[in-house]
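Below you'll find the structure, written out as structure tokens, and then a few comments.
The values are calculated or read from the model by the stated rules, or taken from the named source; none is laboratory data. Everything numeric here is computed off the predicted structure, so don't read it as measured data. What goes into the accessible areas is simple: the full protein's heavy atoms, side chains included, and nothing from ligands, DNA or RNA. Shrake-Rupley method; radii C 1.70, N 1.55, O 1.52, S 1.80 Å.
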Amino acid sequence: LTDVARVASRGTIDAIDVTPIVDELVPAGASGTALVRLPHTSAALVLGPSDEGMLEDFLRMRRDWLAGLRPFRHVENDNPNGEAHLLSSILGVTLLVPLRDGRLDLGTWQRIILLEFDGPAQRTIELRLL
Ligand code: ZN
């Protein structure tokens, strides 16, 4: 069983707490484990705190972390979306999340954060019960 939600990112880079959107996809009473997946190559899903400072820290990571690798060689010389693909592949596009009573069973400070690296874009989030 797969259910899908769509999220619009707001800028070239963005950090969006999508926990409520993903939680809505969990069927009533579901238990077990959910695979949460982005079918994309220039965004990522991570678990972390979602206070405003932390979301800014994620954006700073995007700006600074791989700067030493420039120029990127993807498709055309220094295509900035080469960096987006690298970050997406390093951070990942899937999360395994336990479920309890039809809700995501997350740790106290764990939120599901969608990191956009090549927006603005319409992003699809899939939830698949395992
Ligand atoms: Zn590309």
Tell me the per residue accessible area of the chain using a 1.4 Å probe; a whole number in Å² is fine. 55
For residue 5 and residue 33, compute 0.36 nm times the residue count separating them, minus their Cα-Cα distance, and round to one decimal in nm. 8.3 nm
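Pull out the extension gain between residue 96 and residue 47, defined as 0.36 nm times the separation in residues minus the alpha carbon to alpha carbon distance; nm, one decimal.
Values: separation 49, 0.36 × 49 = 17.64 nm, distance 1.03 nm.
Extra length available between residue 96 and residue 47 comes to 16.6 nm.
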Principal axis lengths of region 6-69 from Cα atoms, whole Å, largest first? 47, 25, 22
Once all protein chains are kept in place, residue 108 shows an accessible area at probe 1.4 Å, nearest 10 Å², of 130
Cα atoms only: what Rg and Dmax, in Å, come out for the chain? 15.3, 51
Quick one: with all protein chains in place, what share of the accessible area of the chain is carbon or sulfur, to the nearest percent (1.4 Å probe)? 50
Report, in degrees rounded to the nearest 10, the 0 to 90 angle that the Cα long axis of helix 52-64 makes with the longest principal axis of the chain. 40
